[in-house]
Amino acid sequence: MKYCSMRTAAAALALCAGLFAPSPATAGLFDDEIARKQIAEQQKRVDELRQQGDGMAGRLAKLEEDAKAQPVLALVAEIEKLREEIRNLRGQVETLGNNIEGVAKRQRDMYVDLDQRLRRFEQSGAAVAPAAGAAAPAAGAVVAEAPKPAPTGNISVEENETYERAQGQRRIGNYQGAITAFQAFITKYPKSTLAPRAQYWIGDSYFNLRDYKNAIASQQKLVAAYPDSPSVPDSLLNMASAQLEAGDNPAARKTMDGLIARYPSSEAAEKARRRVANLR
């Protein structure tokens, strides 16, 4: 009886232990809940950090905007100032362009008159005396240019037209084309009374192309090949101009001094005197 009571009590204790001890499933649910709480707390912390980061980014952007505001305003003012200066410069360029066009027209007219006067001298066989020099025609004696002047003396129609075609290239500003055409003229008509003028315009065309070395060489060739030509004074003056542009002032002065000494009464010598005075 006593033994049975003891077994009954043991069974009862075992039953109670079974009832109150946590099962594996219950323990798993308990651990998962803790993990979820921890994850939620971490997520909350991450969200807080993100919010702080977003706030700091906003503050940084505002600071950058504030920092840029003043330089941008200054830059806008500077740009407007530059635009005004550009407008003024464009106006000045337009004015200068008109002035240059007028000067170029006067220069072309002067060259036409010069070429025609010297052609008359050369075709009539006139020569410039090196010591005394021939008096230059009146400055106001401008002769109207005909599109194709009638040939005079021993100049043939074909010869005259060839020369005029070369002149036409020079007058429209095609200086390289003019050089080629005048060189062809001299090759075809080496004894022509127009050959010295053709050689002069070769040098002048090189000058307009700013090829001062060839400009000087071309005028030196004229002086050597046609020493008695009325074109020599103008050739020497053009040579001196090229030397000045090339920066060789001593050579330019020597050339102009020689021009003044050999052709004192020429128009070219008068221009040389003024330039020599400006060099001092």
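The values are calculated or read from the model by the stated rules, or taken from the named source; none is laboratory data. Worth saying up front: this structure is predicted, and the values here are computed from it rather than measured. Note that we place each Cβ from the backbone using ideal geometry, even for glycine, and neighbour counts take in every protein chain shown.
Laid out as a table, the results:
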read-out	value
Hits in segment 175-207 - residues which are modelled with pLDDT under 95 and among the polar types (S, T, N, Q)	Ser192, Thr193
Residue that is nearest to the chain's Cα centre (by Cα) [pool: residues in segment 228-255 that are in a loop (DSSP other than H, G, I, E, B) and touching a residue at least 60 places away in the same chain (Cβ under 8 Å)]	Ser231
Residues (surrounded by fewer than 19 Cβ atoms within 10 Å (Cβ to Cβ) and under 21 Å from Gly177 (Cβ atoms)) located in segment 212-235	Lys213, Asn214, Ala217, Lys221
Number of the exception - Leu279 against (1) in contact with a Lys or Arg (Cβ under 9 Å, 6 or more places away or on another chain); (2) within 22 Å of Arg165 (Cβ to Cβ); (3) at pLDDT below 95	(2)
Any hit, segment 192-207, residues being of a type in the set (Phe, Trp, Tyr), part of a loop (DSSP other than H, G, I, E, B) and out of contact with any Leu (no Cβ under 7 Å at 6 or more places or on another chain)	no
